[in-house]
Amino acid sequence: MKFSTRARYGARALIELAKHQGQGPLPLKQIAQCQHIPLKYLEQIAMVLKSAKLIKSIRGPSGGYTLGRPPDTIHLLEIIETLEGSLGFVNCVKDPSRATVSIPAPFTTYGSGSRWRRRTFCDRSRLPTWS
């Protein structure tokens with residue numbers, strides 16, 4: 001199972017926030033340094049995570065970011081799909097109405113099983129189990 005750099009960095013940033021849960025906001029610069037993520041790239045990822053309400057920003061001199069909700073309610077699946085889109089193998093597996101041919105593609109069955117395994121793994125994985 002391979003995820004994009006964007007999804008991996010986003011998950012690592014959320015893990016860092018989970019480690020510091022209840023200790024106040026963390027500046028992105030600190031998250032970037034601790035997790036070895038380029039700051040400019042993390043800023044872009046943080047905007048997406050914030051719009052999905054996975055993180056909250058706090059302004060001010062001691063501002064930064066915190067998790068948007070308790071870590072045990074944030075699933076890897078939600079992080080990955082927020083940053084990458086659906087984990088579907090092909091569009092017609094997720095939504096059969098998007099199929100371009102009337103006969104299912106040979107890999108549709110494989111895609112369904114593969115997609116189910118990835119979704120199951122990601123849906124069962126929560127922040128506290130990673131840190």
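Which pairs have Cβ atoms under 6 Å, sit 6 or more apart or on different chains, and link a residue in the stretch 6-22 that is in contact (Cβ under 8 Å) with a residue 24 or more places away in the chain to one that is assigned to a helix (DSSP H, G or I) and of a type in the set (Phe, Trp, Tyr)?
Partner pairs satisfying both residue conditions: 15/130.
Residue 116: surrounded by 12 or more Cβ atoms within 10 Å (Cβ to Cβ), under 17 Å from residue 8 (Cβ atoms) and at pLDDT below 85, yes or no?
no
Among the helices (runs of 4 or more DSSP H) contained in the stretch 1-53, which hold 2 or more residues that are among the small types (Gly, Ala, Ser) and at pLDDT 95 or above?
The helices (runs of 4 or more DSSP H) meeting that bar are 5-19, 39-51.
Is the stretch 30-47 home to any residue that is closer than 17 Å to residue 127 by Cα, touching a Pro at 6+ places or on another chain (Cβ under 8 Å) and surrounded by fewer than 18 Cβ atoms within 10 Å (Cβ to Cβ)?
no
Name every residue in the stretch 48-75 that is of a type in the set (A, V, I, L, M, F, W, C) and either surrounded by 14 or more Cβ atoms within 10 Å (Cβ to Cβ) or under 18 Å from residue 8 (Cα atoms) (or both), in order of residue number.
Correct list: 48, 49, 52, 54, 55, 67, 74.
The values are calculated or read from the model by the stated rules, or taken from the named source; none is laboratory data. Computed from a predicted structure; not experimentally measured. Cβ atoms come from the backbone with ideal geometry, glycine included; neighbour counts cover every protein chain shown.
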